[in-house]
Amino acid sequence: MTRNLIVIGAGMASGRVLEHLFETQPGAWNVTLFNAEPRGNYNRLMLSPVLSGDKTYAEIVTHDAAWYEERGVTCRFGEKVARIDRGAKIVVAPDGTELPYDKVVIATGSNPFMIPLPGHDLDGVIPYRDLEDTERMMGLGSAPGARAVVIGGGLLGLEAAAGMAARGIDVTVVHIMGHLMERQLDEAAGYLLKKALEDKGITVLTGTNSKQILGEGGKVRALELDDGTELPCDLLCMAVGIRPNVALAKDAGLAVAKGIHVDDQMLTSDADILALGECVEHQGAIFGLVAPLYDQAKVAAETLGGTQAAFVPKEVATKLKVTGCDLFSAGDFAEGDGRDDIVFRDPSRGIYKRLVLEGERLIGAVMYGDTGDGAWFHGLIKDRTDVTEMRDTLIFGPAFQGGAQSDPLAAVAALPADAEICGCNGICKSAIQTAIKGGAATLSDVRAQTKASASCGTCTGLVEQVMALTLGDGFEVQTVKPMCPCTPLTHMDVRRLIKAKALKSMAAVMQECGWTTLCGCASCRPALNYYLLCDWPGEYQDDDQSRFVNERMHSNIQKDGTYSVVPRMWGGITTADELRAIADAADKYKVQTVKVTGGQRIDLLGVKKQDLPDIWADLNAAGMVSGQAYAKGLRTVKTCVGTDHCRFGTQDSTGLGIRMEKALWGSWTPAKVKMAVSGCPRNCAESTCKDVGVICVDSGYILHIGGAAGLHIKGTEVMCTVKTEDEVLEYTAAVVQLYREEAAYLERMYKWMDNVGLDHIIERVVTDADSRKALADRFYYAQRFMQQDPWAERTKPEYRELYAPLADLTLEAAE
Amino acid sequence: MSDWTDIGALSAIPERGARLVKTAMGCVAVFRTVDDEIFAIDDACPHKGGPLSEGIVHGRSVTCPLHNMVLRLDTGLAQGADEGSVATYPVRVEAGRILLDTERLRRGRVA
């Protein structure tokens, strides 16, 4: 006997159910197929190629009119089911007709989630879900100079962006998270993807919040961002996620949570109603990828036929191609204990691979650029294969397993003579060997003669291996000290590459320089943070989590975990009011010790972490700011009283010191910078052991640099003599900027001076006036972003909570 | 027996950062890694008691802010040439909330 089956929704899941049904139970069902869209089943996944123009709609239809007709399916397309009456066992069509059923399959899919931004209901604000949306975007391509904004940097958003860009539309992607596709990719892969999209002319804004959509005459005109920036657009596509479409099921009184609840047989809480696809929830999980949907379709068809079958969720791998960029992610690359990473990066080819291991098993993989081994890794994850034996070469894929050579020299020896060793300069193995036979005995000789490894330096190890092979025992690998164990590159290599390759984020540096770790270490992260901050002022966002505790907390940590607080005293000058405020703060916060520092200010020692924002607020209220006594930056400008009071004073040393401190405070430098201004050669402010010291004389100012009185005692060298205070400021800014740009992190000014030579500094800062001016300009440009009192910032509510414990369970215990 | 206690939102801890939980048995540092993994260990470094919650978090390790001892967040073991360890506590994330197993941390109250 033929039974009545009503299928609601003609998406990819229901199409597959129908196929199974007619194949395994021909003639058993009288099928009515409803679809809210005015068409039958098509491959929604292929909308992107339609958008980009690679395919037509006709090519992505999976079931055409003839298919339905042959199987006697009654098609009711463009009709949205009004309701299901479970008591009467009828489905009510929108025109009110009542259709009796034996079984119902709900496959209503999902609804695009629209962020309720002001203006989201304007004409021209669309999701990316169906053919209508696609056609809308395609239509925009014919208008010259058309602009579109896509909100959402997930797969769907990027496909919309790439498709529109392929049609000549000027596209900007706005993504709220720090990197693209954060659910499938980690930061490094997200960075590579962003770069590839930017190469295609798409503007990508990550970490960006939208404020409202602006319209004109009821039509979208622009997207306004949180910071007030307006992105003009003719179309705004919101692709921020989907929600299971549960309205009909909920209305029918079925069990619904996030999605329609189904059991392993795809049955809802009503045994005559099945559900599958993006609208369901199974064991707490909802579904967005096509593979599990097809599994569900098979189970649903078998359940309808009365056979026992059970849906078992499987480990799902995502292999994606976004605008020709190969991506792969599988398994779990977050959450859990005892995991290890294996990271491989090939900067010149833009490849990134990361494997996540737990014990002897591979549990996750992320790949970008070269995803050829993805299926193999996915297999290892699914089968829970023990990978202990192949762990060392695992990342190189299946081709490398079994009898692989482990001697790197043998691998280099096996390279043909025309194998390219240095990708930047196109130098092959034989060219290096020729140079060596011609007398080049050191790495720098080879670099000078062939240019191999002279650009980005990532092939240095390979060049050295060629040398070791050619020279035999006569070659000793040079010991250049790498920045840290995460990279073979030196501090100077990395600084050079940051500028040369315009690397503006930590993820960019780690990828392009081939970092071997996922997110660096406690040694390289603070250095990179400084280099990026110094080289890209106003562009790079300071990263608190890459700073040592003192700079993150804006206080010096003491051995018992308390902090010391030092307010700035410009040029060592204070007032009775300031002293009173300091005394009050010392009482109020039970400061253990009050000490006068060597830099002419007052140190409040023993402040508890949770009191820091309050004591800062109190000191701020009295007009004081952070003395930055913790910073790799300007500490103090020590002064004597000069002509104000002293009978020997030749200039206003106090006033000049204050001017210098006001100009230079807030700047970050490779290591701490201390300055002093003495009013006469008696040098009471001890200028000759400071990083920059000024000694006033009748005729002007003698500028000293490169002194220190700490771990090493170093007297200064004289840089030059100038005539006016303005010149003192310009020369000081210039020499500090040169130091900022050229020194390695944590290298004091005197060490940098030893390395580059005093002559070089004099040439750049004194002899060459244009160079000096340019350095000073760059310094003051950076200061525009740096001169903000960190205390004032951190007493704001959004920062305050970070100083308090996350939870206090002792209160509970005391009850 | 486990005693899962909600101690706050995942988003309350900065990525590659830590926050403290005060308990009757001392302070516990709860870390969030770059991959949004969560770990809980004693806040005191086995070397000289430095507050580990203030250290730089890299991979699944933290470097003590006082003298740079590196400790694994998952095992609590000191890395490299150093020896020593800190206690670790079971912790998990559910629906954006951090749950800490306080069973061992409340023992002080019962005793």
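The values are calculated or read from the model by the stated rules, or taken from the named source; none is laboratory data. Not measured: the values here are computed from a predicted model. Every residue, glycine among them, receives a Cβ derived from its backbone with ideal geometry; neighbour counts consider all protein chains shown. Side chains are part of the model used for accessible areas, which takes the heavy atoms of the whole protein and leaves out ligands, DNA and RNA. Shrake-Rupley method; radii C 1.70, N 1.55, O 1.52, S 1.80 Å.
Summary table
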{"quantity": "Whichever residue in the stretch A:356-380 is of a type in the set (A, V, I, L, M) and closer than 17 Å to A:LEU192 by Cα and, among such residues, is nearest to the other protein chains (Cβ to nearest Cβ)", "calculated": "A:VAL366"}
{"quantity": "Residues that are within 14 Å of another protein chain (Cβ to nearest Cβ) and open to solvent by 10 Å² or more (accessible area, probe 1.4 Å), drawn from the stretch A:189-198", "calculated": "A:TYR191"}
{"quantity": "Count of residues meeting criterion [modelled with pLDDT under 70 and either in a helix (DSSP H, G or I) or exposed (fewer than 10 other Cβ atoms within 10 Å of the Cβ) (or both)] in the stretch A:395-408", "calculated": "7"}
{"quantity": "Test: residue in the stretch B:19-30 that is part of a strand (DSSP E or B) and more than 9 Å from every other protein chain (Cβ to nearest Cβ)", "calculated": "yes"}
{"quantity": "Test: B:VAL34 is modelled with pLDDT of 90 or more, out of contact with any helix residue (DSSP H, G or I) (no Cβ under 6 Å at 6 or more places or on another chain) and within 7 Å of another protein chain (Cβ to nearest Cβ)", "calculated": "no"}
{"quantity": "Members of the stretch A:13-53 that are surrounded by fewer than 22 Cβ atoms within 10 Å (Cβ to Cβ) and under 38 Å from the mean Cα position of the chain (by Cα)", "calculated": "A:ASN43, A:ARG44, A:LEU45, A:MET46, A:PRO49, A:SER52, A:GLY53"}
{"quantity": "Subset of the stretch A:485-541 that is in a helix (DSSP H, G or I) and basic (Lys, Arg) - its residue that is nearest to A:ALA744 (Cα to Cα)", "calculated": "A:ARG495"}
{"quantity": "The lone exception for A:SER14 - which of (1) closer than 24 Å to A:GLY96 by Cβ; (2) polar (S, T, N, Q); (3) in contact with a Gly (Cβ under 6 Å, 6 or more places away or on another chain) it fails", "calculated": "(3)"}
{"quantity": "Among residues of the stretch B:4-18, those that are part of a loop (DSSP other than H, G, I, E, B) and within 23 Å of B:SER85 (Cβ to Cβ), counted", "calculated": "2"}
{"quantity": "Qualifying positions in the stretch A:690-726 - open to solvent by 60 Å² or more (accessible area, probe 1.4 Å) and closer than 14 Å to A:LEU758 by Cα", "calculated": "A:GLU717, A:VAL718"}
{"quantity": "Number of the condition not met by B:VAL93 [criteria: (1) open to solvent by 20 Å² or more (accessible area, probe 1.4 Å); (2) touching a residue at least 40 places away in the same chain (Cβ under 8 Å); (3) more than 8 Å from chain A (Cβ to nearest Cβ)]", "calculated": "(3)"}
{"quantity": "Helices (runs of 4 or more DSSP H) contained entirely in the stretch A:748-815, each with at least 2 residues that are basic (Lys, Arg)", "calculated": "A:769-786"}
{"quantity": "Positions within the stretch A:519-539 being more than 8 Å from every other protein chain (Cβ to nearest Cβ), in contact (Cβ under 8 Å) with a residue 40 or more places away in the chain and under 25 Å from A:TYR781 (Cβ atoms), in sequence order", "calculated": "A:ALA527, A:TYR530, A:TYR531, A:LEU533, A:CYS534, A:ASP535, A:PRO537, A:GLY538"}
{"quantity": "Residues satisfying the stated conditions in the stretch A:687-700, i.e. part of a loop (DSSP other than H, G, I, E, B) and either modelled with pLDDT under 95 or in contact with a His (Cβ under 6 Å, 6 or more places away or on another chain) (or both)", "calculated": "A:ASP698, A:SER699"}
{"quantity": "Sole residue being out of contact with any His (no Cβ under 8 Å at 6 or more places or on another chain), open to solvent by 10 Å² or more (accessible area, probe 1.4 Å), free of Cβ contacts under 8 Å to residues at least 60 places away in the same chain and polar (S, T, N, Q), chosen from A:THR516, A:THR574", "calculated": "A:THR574"}
{"quantity": "Tally, over the stretch A:553-584, of residues that are closer than 28 Å to B:GLY49 by Cα and hydrophobic (A, V, I, L, M, F, W, C)", "calculated": "4"}
{"quantity": "Breaking point among (1) surrounded by fewer than 16 Cβ atoms within 10 Å (Cβ to Cβ); (2) at the interface with chain A (Cβ under 8 Å from one of its Cβ atoms); (3) of a type outside the set (D, E, K, R); (4) touching a helix residue (DSSP H, G or I) at 6+ places or on another chain (Cβ under 9 Å), for B:GLY49", "calculated": "(4)"}
{"quantity": "Test for A:VAL625: is it under 17 Å from A:VAL697 (Cβ atoms) and either buried (at least 24 other Cβ atoms within 10 Å of the Cβ) or within 34 Å of the chain's Cα centre (by Cα) (or both)", "calculated": "no"}
{"quantity": "Pick from the stretch B:56-65, criterion farther than 21 Å from A:LEU357 by Cα and within 7 Å of another protein chain (Cβ to nearest Cβ), ranking: most open to solvent (accessible area, probe 1.4 Å)", "calculated": "B:PRO65"}
{"quantity": "Listing of strands (runs of 3 or more DSSP E) fully contained in the stretch A:210-298 that carry 2 or more residues being closer than 22 Å to A:MET137 by Cβ", "calculated": "A:210-216, A:219-225, A:230-232, A:235-238, A:242-244"}
{"quantity": "Out of B:ASP101, B:ASP42, sole residue that is modelled with pLDDT of 90 or more, more than 10 Å from chain A (Cβ to nearest Cβ) and touching a Pro at 6+ places or on another chain (Cβ under 6 Å)", "calculated": "B:ASP101"}
{"quantity": "Filter result for A:THR318 (modelled with pLDDT under 95 and touching a strand residue (DSSP E or B) at 6+ places or on another chain (Cβ under 8 Å))", "calculated": "yes"}
{"quantity": "Helices (runs of 4 or more DSSP H) wholly inside the stretch A:1-97 containing at least 3 residues that are assigned by TED's automatic domain parsing to the domain that holds A:VAL280, in contact (Cβ under 8 Å) with a residue 40 or more places away in the chain and closer than 19 Å to A:GLY277 by Cβ", "calculated": "A:12-24"}
{"quantity": "Residues of the stretch B:66-90 classified as assigned to a loop (DSSP other than H, G, I, E, B), open to solvent by 30 Å² or more (accessible area, probe 1.4 Å) and within 8 Å of chain A (Cβ to nearest Cβ), total", "calculated": "3"}
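A quick yes/no check of all residues on (1) within 14 Å of chain B (Cβ to nearest Cβ); (2) in contact (Cβ under 8 Å) with a residue 60 or more places away in the chain; (3) of a type outside the set (S, T, N, Q):
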site: A:LYS773; (1), (2), (3): no, no, yes
site: A:ALA776; (1), (2), (3): no, no, yes
site: A:GLN787; (1), (2), (3): no, yes, no
site: A:PRO790; (1), (2), (3): no, yes, yes
site: A:THR795; (1), (2), (3): no, yes, no
site: A:GLU798; (1), (2), (3): yes, no, yes
site: A:ASP808; (1), (2), (3): yes, no, yes
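Matching residues to (1) within 14 Å of another protein chain (Cβ to nearest Cβ); (2) out of contact with any helix residue (DSSP H, G or I) (no Cβ under 7 Å at 6 or more places or on another chain); (3) farther than 30 Å from B:ASP43 by Cβ; (4) among the polar types (S, T, N, Q):
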site	(1), (2), (3), (4)
A:GLN541	yes, yes, no, yes
A:GLN545	yes, yes, no, yes
A:ASN556	yes, no, no, yes
A:GLY571	no, no, yes, no
A:ALA586	no, yes, no, no
A:THR593	no, yes, no, yes
A:ASP611	no, yes, no, no
A:LEU619	no, no, no, no
A:GLY627	no, yes, no, no
